[in-house]
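Beneath this line is the structure, given in structure tokens, with notes to follow.
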Amino acid sequence: MTAALHDATHPSAEPMELLRAMLEEQFAVHTARLTQLTVYARLPRHGGYDPRTLDGLAESSRQRIAQTAHALKRMSEGTYGTCADCHKPIPLGRLRAMPHATNCAFCERRRPETLVNEG
């Protein structure tokens, strides 16, 4: 186990295992969805989807897969649950709501791309 799991400011081992299970499930769901969309894209009528819509949904699935894989990698490295900007622990509630979160809510609000998307 990593030092992050034993530190009182980080989630304990039990919530971490639950978060890992959530991430693994999300990875499986998004991978299955991407596979389904890829099959639809090859069908004559695209499974009832507009080709541009299929492209957008596939890209969204790819992004979710990448975010989830990155979170699982951070778990294996012992850096999961620590804000990438301020290096403080990300609250467990935020991780439960967004298991792939890389930043605490405060730092996320300060990020330039977040400000552009909100405006």
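Scanning the stretch 39-57 for residues that are in contact with a Phe, Trp or Tyr (Cβ under 9 Å, 6 or more places away or on another chain) and small (Gly, Ala, Ser), we see that the one that is modelled with the lowest pLDDT is GLY47. Yes or no: ARG74 more than 30 Å from TYR40 (Cβ to Cβ), modelled with pLDDT of 95 or more and either touching a Leu at 6+ places or on another chain (Cβ under 6 Å) or surrounded by 14 or more Cβ atoms within 10 Å (Cβ to Cβ) (or both)? Spelling it out, ARG74 is indeed more than 30 Å from TYR40 (Cβ to Cβ), modelled with pLDDT of 95 or more and either touching a Leu at 6+ places or on another chain (Cβ under 6 Å) or surrounded by 14 or more Cβ atoms within 10 Å (Cβ to Cβ) (or both). The conditions of being over 26 Å from GLY93 (Cβ atoms), surrounded by 14 or more Cβ atoms within 10 Å (Cβ to Cβ) and of a type outside the set (A, V, I, L, M) are not met by ARG64. Exactly one residue out of ARG109, ARG94 is without any contact (Cβ under 8 Å) to a residue 60 or more places away in the chain, farther than 24 Å from ARG20 by Cα and not in a loop (DSSP other than H, G, I, E, B), and it is ARG109.
The values are calculated or read from the model by the stated rules, or taken from the named source; none is laboratory data. Note that the structure is predicted; figures quoted are calculated from it, not measured. Glycine also receives a Cβ, built like all others from the backbone with ideal geometry; neighbour counts cover every protein chain displayed.
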